[in-house]
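*Asks:* Next up is a structure, given as structure tokens.
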Protein chains: 2
Amino acid sequence: MKKTGIAIHGGAGTILKSQMNPELEKNYLNGLKQALESGYEILKKDGNAIDAVEKAVIELENNPLFNAGKGSVFTNTGKHEMDASIMNGENLEAGSVCCVKQIKNPIELARKVMEKSDHVMLTGEGALDFAKLVNCKIENDNYFFDEFRHKQWLEIKDTDKFQLDHSKKTPPEKFGTVGAVARDNNGNLAAATSTGGMTNKKFGRIGDSPVIGVGNYANNSTCAISCTGSGEYFLRAVVAYDVSSMMEFGGMNLEDACNKVIHERLLKIGGDGGLIAIDHSGNIQLPFNTEGMYRAAMDNNGLYKIEIY
Amino acid sequence: MKKTGIAIHGGAGTILKSQMNPELEKNYLNGLKQALESGYEILKKDGNAIDAVEKAVIELENNPLFNAGKGSVFTNTGKHEMDASIMNGENLEAGSVCCVKQIKNPIELARKVMEKSDHVMLTGEGALDFAKLVNCKIENDNYFFDEFRHKQWLEIKDTDKFQLDHSKKTPPEKFGTVGAVARDNNGNLAAATSTGGMTNKKFGRIGDSPVIGVGNYANNSTCAISCTGSGEYFLRAVVAYDVSSMMEFGGMNLEDACNKVIHERLLKIGGDGGLIAIDHSGNIQLPFNTEGMYRAAMDNNGLYKIEIY
């Protein structure tokens, strides 16, 4: 049976139940629930996978608990630089933005790059110029301010350290990214990924999130994938396309391909994190090699889960 | 027999013998020869593949005939924004820079990102800050000025047009990128790619060249690849890693994998261009689906060619 479904994530890393307070846990679960159901609602009404993943990611971007959109971490200059990408598995069209400031919903801008430009990847000030041209919502720096994120930054801002999200550990072990993958009633797949990057990051660092084939990929004939993890390792391992290629050229199923990439190939080079994936038949996988990953999934065959550890 | 060898390219596109003047043709052939032989010289002395590809690309970057380093095209603000990437097939380490200004040899900076930072991709002003920290050679705008490139830009600067290189055709059909791939005596593979991007480009556009797995990839167990072409299509097709994956998961040889990617899969979505590739045994392929590609290759088994059409 071909399934219609959606999966989302809100980052992976050292997320331990022993260190979580009950209220915060509840808020995370509620945030995931809201994003999951708002995306699924579109699929249920016979909507497109691309609309469903965009909607789910917008919900996560608007929730300050997650490191994307509002709630993005601070760079070393006290600003917010965000990355996002989106891909349509029906026609392999894709859009991506890197190191963009002031954009309320970077995933919306990535979609406009896909649909209203001749380009796939835009970066920095240039991407902001494009955003203004296509009327993307711009916010001032105050909109992105979050007390918790600010404290994280103050703690390390005069050091050379950078953190991938709000872990206090060094090396950082929490990867703040959000993402969604979906399969709609017409069998179209889509993937969307968005991140606020690393706390105190500098040098205009780009991670895996905005890179098509790495942090995000969708192809109707194989699968749709959104990743979260130690971006540099994901880049070197071309993670999302690795899963797709194992299915296409190696004849593997989604589960085996995901496990091989996350639990073998990525570990071998020292990378940690996870991904969410849905295949051409609607099967969903949510593998990770860290202690936890904020994740949720739902389909028309009775699957419904929201999990953290 | 395992071969030691190197291949280089200086871009692909509508390059017709009928439109080439004999002196210019000679200069192109000489530029390719010099880059090829300077890279091969390193391999002959038992040097590393990574040093050989860097050296060959530096030669091409320093030659104003090619759209990379000196000779880079003008952006819509009359500046030069360059991209470059490098990968070491021995350990899958990689470095990349996007939209960098004033860097004499972007490939050198990409290598320093690989070796002296915790990151893989750096962009814009941040990448320039890093370049200063690691003492990469900075040049002022005059260094990059080239009369021919300036004329190209003046012709279209007040329009919305952009050109991938110095074709006067619309749509543009010449892709200005340089690259090198090599296999050394120890069986290590490496790839390097560098570009000045598109004439009159705006919005901080990033093409395939600086993206690991797309415009550049190296893995000792499969192959090393450097691409040149319509970057947006290459990004969507994850071209370099596609070739590697077909070999790794599909059991194809280099020639079949290259042909399938360049002559079938890329054409299917509308992309044109070419790539250079060397596999784990030192076999070399130089496929392209355009009229021409500036290319050259040389190995310890008697291969020596420098070709344009």
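The values are calculated or read from the model by the stated rules, or taken from the named source; none is laboratory data. Because the structure is predicted, anything quoted here is derived from the model rather than measured. All Cβ positions, even for glycine, are placed from backbone atoms using ideal geometry, and neighbour counts span all protein chains on display. Heavy atoms of the whole protein, side chains included, go into the accessibility calculation; ligands, DNA and RNA do not. Shrake-Rupley method; radii C 1.70, N 1.55, O 1.52, S 1.80 Å.
*Asks:* How would you classify the range B:3-70 from its alpha-carbon gyration tensor, with a ≥ b ≥ c the square roots of the eigenvalues: rounded for a/c under 1.5, else prolate if a/b is greater than b/c, otherwise oblate?
*Replies:* The shape class here is prolate.
*Asks:* A further question on this structure: May I have the pair-distance distribution P(r) for the range A:154-297, computed from all Cα-Cα distances with 5 Å bins from 0 and rounded to whole percent?
*Replies:* Answer for the range A:154-297: a P(r) of 2, 11, 21, 23, 19, 11, 7, 4, 2, 1, 0 percent.
*Asks:* Other chains near B:121-131: what is the mean number of their Cβ atoms within 10 Å of each residue's Cβ?
*Replies:* Mean shielding by partner chains, rounded to a whole number: 6.
*Asks:* A further question on this structure: Below 8 Å, C-alpha to C-alpha, sequence gap of six or more: please give me the relative contact order for the range B:212-309 in percent.
*Replies:* Value for the range B:212-309: 24 percent.
*Asks:* At A:GLY250, label 7 Å along Cα→Cβ: distances to the other copies, nm, ascending?
*Replies:* 1.5
*Asks:* From the phi of every residue in the range A:32-47, what ³J(HN,Hα) in whole Hz does the Karplus formula 6.51 cos²θ - 1.76 cosθ + 1.60 yield, where θ is phi - 60° and glycine or proline is x?
*Replies:* Running phi through 6.51 cos²θ - 1.76 cosθ + 1.60 with θ = phi - 60° gives 5, 4, 5, 5, 4, 6, 5, x, 5, 3, 5, 5, 5, 8, 6, x Hz.
*Asks:* Further question on the same structure: Taking each residue of A:234-242 in turn, how many C-beta atoms of other protein chains fall within 10 Å of its C-beta, and what is the average?
*Replies:* So the per-residue partner count for this stretch is 6.
*Asks:* Can you list, shortest first and in nm, the gaps between the label point of B:GLU147 and those of its counterparts in the other copies, using a point 7 Å from Cα in the C-beta direction?
*Replies:* 6.6
*Asks:* Using alpha-carbon positions, what is the distance between the centroids of the range B:1-76 and the range B:175-204, in Å?
*Replies:* The range B:1-76 and the range B:175-204 have Cα centres separated by 10 Å.
*Asks:* To continue, here is another question. Output the relative contact order of chain A, whole-number percent, from Cα pairs under 8 angstrom with separation of 6+ residues.
*Replies:* For chain A, the relative contact order is 26 percent.
*Asks:* Springs between alpha-carbon atoms under 10 Å, Gaussian network over chain A: tell me which of A:GLY69, A:GLY204, A:GLY274 tops the mean-square fluctuations.
*Replies:* A:GLY204
*Asks:* Give the nm distances, rounded to one decimal, from B:LYS17 to the matching residue in every other copy, measuring between label points 7 Å along Cα toward the beta carbon; shortest first.
*Replies:* For B:LYS17, the inter-copy label distances come out at 7.4 nm.
*Asks:* Given the peptides A:255-262, B:59-66, A:190-197, arrange them by the average over their residues of other C-beta atoms within 10 Å, most packed first.
*Replies:* A:190-197, B:59-66, A:255-262
*Asks:* At a probe radius of 1.4 Å, what is the per-residue accessible area of A:LEU92, in Å² to the nearest 10?
*Replies:* Here the accessible area works out near 30 Å².
*Asks:* Starting from the Cα gyration tensor of chain B, take the square roots of the eigenvalues, sort them a ≥ b ≥ c, and report rounded, prolate or oblate (rounded when a/c is under 1.5, otherwise prolate if a/b is larger than b/c, else oblate).
*Replies:* rounded
*Asks:* While we're looking at this one, here's another question. What residues have an amide H closer than 5 Å to that of A:GLU93, excluding those fewer than 5 places away on the same chain, when H is modeled at 1.01 Å from N in the peptide plane?
*Replies:* Sorted by chain and number, the residues that satisfy this are A:ASN88.
*Asks:* Which whole-Hz couplings ³J(HN,Hα) result when phi for each residue of the range A:91-102 is put into the Karplus expression 6.51 cos²θ - 1.76 cosθ + 1.60, θ = phi - 60°, listed in order with x for Gly and Pro?
*Replies:* Coupling constants for the range A:91-102: 10, 6, 7, 8, x, 7, 10, 10, 6, 9, 9, 6 Hz.
*Asks:* Return the calculated 222 nm mean residue ellipticity for chain B, to the nearest 500 deg cm²/dmol, obtained by summing -39500 (n - 2.57) across DSSP H runs with n ≥ 4 and dividing by the residue count.
*Replies:* The helix-only estimate for chain B comes to -9500 deg cm²/dmol at 222 nm.
*Asks:* Among B:143-156, A:105-118, B:78-91, how do they line up by average Cβ neighbours within 10 Å per residue, starting with the highest?
*Replies:* Top to bottom by mean Cβ count within 10 Å: B:78-91, A:105-118, B:143-156.
*Asks:* Another question about this same structure. Along the range A:252-267, what does the Karplus equation 6.51 cos²θ - 1.76 cosθ + 1.60 (θ = phi - 60°) give for ³J(HN,Hα), rounded to whole Hz, x for Gly and Pro?
*Replies:* 3J(HN,Hα) across the range A:252-267, in whole Hz: 7, 8, 4, 4, 5, 5, 4, 5, 4, 5, 6, 9, 10, 5, 5, 4.
*Asks:* What is the spin-label model distance, in nm, from A:TYR309 to B:ASN142 if the labels are put 7 Å beyond Cα along the C-beta direction?
*Replies:* Each label point lies 7 Å from its Cα, and together they span 6.7 nm.
*Asks:* A further question on this structure: So what's the convex hull volume per residue for the Cα atoms of the protein assembly as shown, in Å³?
*Replies:* Dividing the Cα hull volume of the protein assembly as shown by its residues yields 135 Å³.
*Asks:* Please list, in chain and number order, the residues 5+ apart from A:GLY176 or on another chain whose amide H is under 5 Å from its amide H, with Hs placed from the backbone.
*Replies:* Sorted by chain and number, the residues that satisfy this are A:ASP165.
*Asks:* Say the dipole of chain B comes from +1 at the beta carbon of Lys and Arg and -1 at that of Asp and Glu; which of B:ILE269, B:ASN30, B:VAL214 then lies farthest toward its positive end?
*Replies:* So the residue furthest toward the plus end is B:ASN30.
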